Amino acid sequence: MIHLDYMRCGTNGRLPCLLFLAASLWLLEESHRGNDFHRSTSPCATLRIKLPPRIKLQPRLRGSAPIFNVRIGDATRVGEDEFNQAAQTLQSAGFVVLRGESLYRDADLAEAQGAANACLLRIQEKAASLGLQDRAPWLCWKRKTWYHDEASFRFRDGHSYTPGRLDMPDLMEVSPFQQQPWRDNPVLMRMFKAIFGYSSKQSVMGALWNFPGSGDTFWHRDGPMDGLVAVTAAEDYPEDVGFIHVQPFTHKTGHVGYKSESHVSPKREGLRSIPVVLRKGETLLFLYDTKHAATPNVTPNLNRCLLYSVYGPQ
């Protein structure tokens, strides 16, 4: 048996030690046992090299991590424990995901999604009548030229600020969004007061569309003021349809992650971001100054719609 202690080889001796290992591997069979790198071809030919203890890597943050999720059991009534847990997570991390029943019943979701679909159809028909199909975000997968200027596709009822996406921010006066639970949602207004200490009003009700062929968007904050954003999926989608991902704790620290300032594209490797995949009825809550970005829709033919509302100072 040959036994080498890598830690005791010293700085100058570690390279020869590793070279000896490399030269011996061709006649040794591979086997791993804990921190001992054990290889053998027979009972009388064994090589053991004691490696340094493994470095414990920080696990990637995931949207499914329980610390960022609160499960709601009844859409018509959020319990005190559920509310307090959600408020504490939101205040600490800058976002929280309401899982399960969340805030809306199936009938509410179906009616709202139908209204958003009808609004999108009107915009599509108007764009076609004006000959603007070459700039239409829902056809971005057909184009090689991307229009990054904000005015490239803009209507009163919707505009595209990044390729392959359409924001429809003016749904507050469209049925069923003029009434609860979409208008002045009591849970969201109470949540705002729990975080900021004063009453709020709803300023926006809209829909965010992400079409096939869209790419990454820039990290950004929605603004420096006190604000609460609620984003809900009214339908089920596959995970690769282009959901939002967020950087936790950025409402406190200014930035988290490598080169993650506003107007910088998200870096996939080593970035502490959390993809928030929402199932039907689930809601993402985040503060106005929490950094977030959209992810690409890589599906061949699915249009992803997320309904959102914004609450701010009265």
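So the values come out like this:
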read-out: Total residues in the range 145-199, condition aromatic (Phe, Trp, Tyr) and modelled with pLDDT of 85 or more; value: 5
read-out: Residues being open to solvent by 10 Å² or more (accessible area, probe 1.4 Å) and either within 18 Å of Val276 (Cα to Cα) or not in a helix (DSSP H, G or I) (or both) - total across the range 88-102; value: 6
read-out: Residue within the range 102-120 that is modelled with pLDDT of 80 or more, farther than 28 Å from Gln179 by Cβ and out of contact with any Pro (no Cβ under 6 Å at 6 or more places or on another chain) present; value: no
read-out: Out of Val204, Val241, sole residue that is out of contact with any Lys or Arg (no Cβ under 8 Å at 6 or more places or on another chain) and either open to solvent by less than 20 Å² (accessible area, probe 1.4 Å) or in contact (Cβ under 8 Å) with a residue 40 or more places away in the chain (or both); value: Val204
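The values are calculated or read from the model by the stated rules, or taken from the named source; none is laboratory data. Bear in mind that the values here come from a model prediction, so they are computed numbers and not experimental data. Methodologically, a virtual Cβ is constructed for each residue, glycine included, from the backbone with ideal geometry; neighbour enumeration extends over all protein chains shown. The accessibility values were calculated without ligands, DNA or RNA, using every heavy atom of the protein model including side chains. Shrake-Rupley method; radii C 1.70, N 1.55, O 1.52, S 1.80 Å.
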